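Student: Shown below is the structure under consideration.
What follows is calculated from the coordinates using simple rules that are stated; it is not laboratory data. Just so it is clear, the structure is predicted and the values come from calculations on it, not from any experiment. Every residue, glycine among them, receives a Cβ derived from its backbone with ideal geometry; neighbour counts consider all protein chains shown.
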Amino acid sequence: MTQTNVMLDPTGELSPAIRARLARPDSLAGKTVGLLDISKPRGDVFLDRLEERLTAMEVTVKRYRKPTFTRVAPTELKQQIAGEVDLVVEGLAD
Amino acid sequence: MTALPHGLIVIAKRDCPTCQLIEPLLADIDRRSGPLTVYSQDDPGFGSEVRDSHYDNSLEHSFRLNAEFVPTLIRMENGKEVERTYGWHREDWQRLTGLDDLGADLPLMRPGCGSKTLEPGVAEKLELKFGDTRLGARSIETDADDLIEACYERGWSDGLPVVPPTPERVLRMLKGTDRDPAEEVGLVPPDLAPCTVEKVAINAVMAGCKPEYMPVVLAALEAALTDEFGLHGLLCTTMFAGPMIIANGPVTKAIGMNSGGNALGQGNRANATIGRALQLIVRNVGGGRPGEIDRATLGTPGKYTFCFAEAEDSEWMPLAQERGIAAGRSAVTLFAAEGVQGIVDQKSRDPESLAKSFALALRAVDHPKMAMAGDAVLVVSPEHSRVFIEAGWSKARLLEELESLLKFPGEEMVAGAGGIAEGIPEQFRDKTVSKFRPGGLLIVRAGGTAGLFSAVIAGWAASGPVGSTSVTREVKV
């Protein structure tokens, strides 16, 4: 159950109330892309194909797998991914 | 909206014995002296014999009629209130209703009960719902299950958990000052963002302040925003310092500040949260954040919070009075402070020896070979101050002695002297050099009653007009 709460902004209100997404990279050249399998059936089929396509573009790919889709990723895994890649592709459904 | 009828209004609740006492009179008042409107705060059936009776479930009517007690009887004429009475006072009720025989068999007087509008936590909710709160800050809606975590994610925290600034809490905080929430206190660097009294209250909530701390937080912010204090440079510097607050006067006792044991340490809510509120304002309103424009090489734990009260003693003039505040008034002094360096002297029993100890320790401010750079606060503990007081030394006398002890031959201080490259310029070689600039050494008395220990709090090495000058402001309570 989620409930909407209101807080009053303590800041100088110089930036938007909703944080902008990080800017997309202009190109994947020289970047390392992580592919995170959340352990849902057939997610690997999609990610395998992505890896083929990215590798063909000479992008470095690293594969990761969550133990189960029913829980958030373990902290160690999140820290490992953050330390090793520039971008992550995560499959959210089967 | 509450209609403001012509006639009489009774606000009551079943839970109140005095309301129960007058309930049988209501139909009679309505018939003989009406029209009567009854608002019941708890029981829809209260006063049901009166045609115009209402269950004030939302308490909107009670709030708009500014009910403090129940029962409240109000007489309205032409949409304006002309008189009201609280509880049961037979003469008042007879006069307001114009019924000389009203409640003749009831006791002369019975006090009422508190209105439900004033129950804890209710007043702010009603004010937010129905009142004119004059709140202007942006509302941030979140469906986060943990508001403390949401505050972290938004970057509003100094690293420790903050109290989520809900509108109810902010409204309660604003009760600590008479000032208009929309009033601008000043522009907070580095962004020079306008800081209203409301923004101060929001950050004071997050810091954990009580509403009664607000006047001290406001005075501290006003002092910090003066040109002399130079907050912009202070929050940007690669050096250690941050704003420290020294409080004087009756407000320190009124709000329970610590000037005694562990005065410079943790554990006192007022000390901890007033200093923190100022730093959160710098961070959130001004945008002064470490790793961004705050370029401190090491910083100091005092940048979380650094605030304490002077242990005022009738024999030694309090800091605020030395700096022009009238006796009996409260004030804060802002000082650009580094950390605390202890002075352990358990053997000096005469003021001359102890003053020499202090001077030796003060020489280390910034670097023993630097002079006229950083100011300093000398915090003298009660056991040490007793040595001076018993020998008849005032604070001013101690300051004078220290100033003369803190003059050094330039040849010891210049760059290269003693085989140390650091030091003052060669041109001072043949001169006598004062460690501190005039007015750069402050003395306060604080600490627990046991311990022959005092402390040096070094100032920012850019003290004085070049950077930061300490500033004292009266606290208006």
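Student: Calculate the dipole size of the range B:351-421 relative to its Cα centre from +1 charges on Lys and Arg beta carbons and -1 charges on Asp and Glu beta carbons; express the result in debye to the nearest 20.
Tutor: Charge dipole of the range B:351-421: 60 debye, to the nearest 20.
Student: What relative contact order, as a whole-number percentage, does the range B:159-305 give when Cα pairs under 8 Å and 6 or more residues apart are counted?
Tutor: So the answer I get is 30 percent.
Student: Multiply the residue separation of B:N57 and B:L106 by 0.36 nm, subtract the distance between their alpha-carbon atoms, and state the gained length in nm to one decimal.
Tutor: This chain segment gains 14.7 nm when fully extended.
Student: Another question about this same structure. Can you give me the distance in nm between label points at B:E383 and A:K31, each placed 7 Å from the Cα along the Cα-to-Cβ direction?
Tutor: The modelled label-to-label distance comes out at 6.4 nm.
Student: Right, something else. In peptide B:286-292, how many Cβ atoms from other protein chains are near each Cβ within 10 Å, on average?
Tutor: For peptide B:286-292, the averaged partner shielding equals 1.
Student: Among B:S139, B:S330, what is the fewest-to-most ranking by other Cβ atoms within 10 Å?
Tutor: Listed from fewest to most nearby Cβ atoms, that is B:S139, B:S330.
Student: Separation between the B:D92 and B:E292 pseudo-spin-labels, each 7 Å from Cα along Cα→Cβ, expressed in nm?
Tutor: Using points 7 Å along Cα→Cβ, the separation is 5.5 nm.
Student: A follow-up question, please. State which helices in chain B qualify, where a helix is a whole DSSP H run, it must extend 20 Å or more along its own axis by its Cα atoms, and its mean Kyte-Doolittle hydropathy must be at least -0.5.
Tutor: B:269-284
Student: Now, a different point. Rounding to the nearest 20 debye, state how big the charge dipole of the range B:7-118 is about its Cα centre with +1 on each Lys and Arg Cβ and -1 on each Asp and Glu Cβ.
Tutor: Dipole size: approximately 160 debye.
Student: Determine ³J(HN,Hα), in whole Hz, for all residues of the range A:11-16 in sequence, where each value follows from phi through the Karplus function 6.51 cos²θ - 1.76 cosθ + 1.60 and θ = phi - 60°; x replaces Gly and Pro.
Tutor: So the Karplus estimates, Gly and Pro as x, are 8, x, 6, 8, 10, x Hz.
Student: Additional query: Go from 0 up to the bin containing the longest alpha carbon distance in the range A:32-90, width 10 Å each, and give me the % of pairs per bin.
Tutor: Once binned at 10 Å, the Cα pair distances of the range A:32-90 give 24, 53, 22, 1.
Student: Mind checking which aspartates and glutamates have their C-alpha under 13 Å from A:K31, skipping anything on the same chain fewer than 8 residues away?
Tutor: A:E58, A:E84, A:D86
Student: Using Cα positions and a limit of under 18 Å, work out the lysines in reach of B:K13, with same-chain residues fewer than 8 apart set aside.
Tutor: Output for B:K13: B:K116.
Student: Here's another thing I want to ask about it. Quick one: if the Förster radius is 51 Å, what FRET efficiency do A:L50 and B:E184 give, using the C-beta to C-beta distance and rounding to 0.05?
Tutor: Working from the Cβ atoms, E equals 0.40.
Student: Counting other beta carbons within 10 Å of each Cβ, put B:V70, B:V387 in order, fewest first.
Tutor: The most exposed by this proxy come first: B:V387, B:V70.
Student: About its Cα centre, what dipole magnitude does the protein assembly as shown give when the only charges are +1 on Lys and Arg Cβ and -1 on Asp and Glu Cβ, stated in debye to the nearest 20?
Tutor: For the protein assembly as shown, the charge dipole is close to 840 debye.
Student: Counting only other residues whose beta carbon sits under 15 Å from that of B:V285, what net charge do I get with K and R as +1, D and E as -1?
Tutor: My count for the surroundings of B:V285 gives -4.
Student: What does the structure give for A:12-21 when I average, per residue, the other chain Cβ atoms found within 10 Å of the residue Cβ?
Tutor: The mean count of partner-chain Cβ atoms within 10 Å per residue comes to 4.
Student: Set Lys and Arg Cβ to +1 and Asp and Glu Cβ to -1, take the dipole of chain B about its Cα centre, and tell me which of B:M244, B:G288, B:V365 lies farthest positive.
Tutor: B:V365
Student: Mind checking B:163-171 for the average number of partner chain beta-carbons within 10 Å of each residue's beta-carbon?
Tutor: Taking the mean over all residues of the peptide, I get 3.
Student: Based on alpha-carbon positions alone, could you give the equivalent ellipsoid semi-axes of the protein assembly as shown from the gyration tensor, as √(5λ), descending, whole Å?
Tutor: Semi-axes (√(5λ), whole Å): 56, 44, 18.
Student: May I pose another question? Taking amide H positions as placed in the peptide plane 1.01 Å from N, state which residues far from B:V188 in sequence (5 or more) or on other chains have amide H under 5 Å from it.
Tutor: HN-HN under 5 Å from B:V188: B:A193, B:C195.
Student: Now for a separate question. Just to confirm a number: summing +1 for Lys and Arg and -1 for Asp and Glu over residues other than B:I343 whose beta-carbon lies under 13 angstrom from that of B:I343, what do you get?
Tutor: +1
Student: Okay, next question. 222 nm [θ] for the protein assembly as shown, helices only, -39500 (n - 2.57) per DSSP H run of 4+, per residue, to 500?
Tutor: So the calculated ellipticity at 222 nm is -8000 deg cm²/dmol.
Student: Here's something else I'd like to know. Which order do B:M76, A:M7, B:M109, B:M206 fall in if you start with the one that has the fewest other Cβ atoms within 10 Å?
Tutor: So the ranking, lowest neighbour count to highest, is B:M109, B:M76, A:M7, B:M206.
Student: Run the quick spin-label model on B:A254 and A:R65: label points 7 Å from Cα toward the beta carbon, then report their separation in nm to one decimal.
Tutor: That separation, rounded to one decimal, is 6.8 nm.
Student: What list of ³J(HN,Hα) couplings, whole Hz, do you get for the range B:225-238 from phi and the Karplus terms 6.51, -1.76, 1.60, once you set θ to phi - 60° and write x for glycine and proline?
Tutor: Residue by residue, the range B:225-238 yields 8, 6, 4, 4, 6, x, 4, 4, x, 5, 6, 8, 4, 6 Hz.
Student: What's the FRET efficiency of B:A391 with B:A364 using the Cβ-Cβ distance as r and R₀ = 41 Å, to the nearest 0.05?
Tutor: 0.95
Student: Any idea which of B:P111, B:P17, B:N258 is furthest toward the positive side of the dipole for chain B, if Lys and Arg beta-carbons carry +1 and Asp and Glu beta-carbons -1?
Tutor: Projecting each Cα onto the dipole axis, the largest value belongs to B:N258.
Student: Also, quick follow-up: Based on a Kirkwood Rh over C-alpha pairs, give the Stokes-Einstein translational diffusion coefficient of chain B at 25 °C and viscosity 0.890 mPa s in µm²/s.
Tutor: 94
Student: Using modelled amide H (1.01 Å from N, peptide plane; none on Pro or chain starts), what sits under 5 Å from the amide H of B:G339, excluding residues fewer than 5 places away?
Tutor: B:A458
Student: In the neighborhood of A:G83, defined by Cβ-to-Cβ distances under 15 Å, what is the net charge if each Lys or Arg adds +1 and each Asp or Glu adds -1?
Tutor: Counting the neighbours of A:G83, the net charge comes to 0.
Student: Next question, about the same structure. Going down the list B:K303/B:K407; B:K369/B:K395; B:K175/B:K199; B:K129/B:K175; A:K40/A:K78, which pairs span over 20 Å between their C-alpha atoms?
Tutor: Table pairs above 20 Å Cα-Cα are B:K303/B:K407; B:K369/B:K395.
Student: To continue, here is another question. Using the Cα centre of chain A as origin and beta-carbon charges of +1 (Lys, Arg) and -1 (Asp, Glu), tell me which of A:G83, A:G34, A:T70 is placed farthest towards the positive end of the dipole.
Tutor: Final value for the positive-end residue is A:T70.
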